[in-house]
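Just so it is clear, none of the values below were taken in a lab; they were calculated from the coordinates. Computed from a prediction, not measured in an experiment: that's the story for all the values here. Reconstructed Cβ throughout: ideal geometry from the backbone, glycine too, with neighbour counts over all protein chains shown.
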Amino acid sequence: MRCARLAGALLITIAAAAPAGAKSAPRTVTVIVDKLAFGTIPAGLHVGDTVRWVNRDLFLHSATSSGHFDIGLPPGAQRNMRLTRAGQFAFICKYHPGMKGKLTVQ
Amino acid sequence: MTTSLRIAAASALLIGGGAAAYAGGPTDPQIAHIAYTAGTIDIAAAKQALVRSHNKAVRSFAQEMVRDHTAVNDKALALVKKLHVTPEANPTSAGLSKQASATLARLSHLHGRQFDRAYVASEVGYHKTVNGALADTLIPSANNAELKSLLQTGLTLFREHQQHAEQLQAALK
């Protein structure tokens, strides 16, 4: 699994989804990337949840939030990213800057 | 030829010339050939940039052009094979290729910042022209739904490229 590049304090890291069944079990949400757009970002994300990025597009993309995370998404790939800090994280695809989204983590 | 004249010439080929050459609009085999040729031209331009430019941002953009246009062209080849369609050479794609050869030759004499600016300006104009042709002529004329869908994906992608090229052009001023 490709590691996220971190800048400054460790905000968000890539990790496998946490095991289900724990008290207040973290959840895994999927964000589909297709036709040069990020799919709907689920609301109600919490620290400990995992975002699974799934690239169904023909093209190399990334989910990049400057100073926070930089997830490479080759065509057909999926990557898990565990949320370790609350906040709002605007992100883009660094290859196609018109692709934008925002994660809100509580 | 100045950049604006080259863009005007390419526009005439893709839009005015295209409309004149195809009564009722180009056929799917002709559209496939034009779209594939347009992608091949931009890949060649990007490869020239990767040889001549030392600017990190320009090189990154050129790598993006090679990667994305190759992906679209590979998908287009797979589609025409699946549909048993043979792309048909036509005056528009021939004219585009001729125009592109002239541009490559002109840029081959430029160096450093002069090359970077000329390449990026050419990319802005080229994508603008191709996007206009896709939106106004090629997509409306396409009959096959899968071809139309691929062209629409191409238009979304090329608009991203145009925006990226415009940002790069502003940064190079």
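Across q = 0.20 Å⁻¹, the range B:99-173 modelled as identical point scatterers on its alpha-carbon atoms has Debye log10 I(q)/I(0) values of -0.86, in the order of the q list.
For A:K35, the lysines whose Cα falls under 30 Å of its own Cα, not counting residues fewer than eight places away in the same chain, are A:K94, A:K100, A:K102, B:K47, B:K56, B:K75, B:K81, B:K82, B:K128, B:K148. When the range B:67-173 is described by a simple charge dipole with +1 on each Lys and Arg Cβ and -1 on each Asp and Glu Cβ, the residue from B:A105, B:L150, B:Q163 located farthest towards its positive end is B:A105.
I need to check one value: relative contact order of the range B:44-173, counting alpha carbon pairs closer than 8 Å and at least 6 residues apart, in percent. With pairs under 8 Å counted, the relative contact order is 32 percent.
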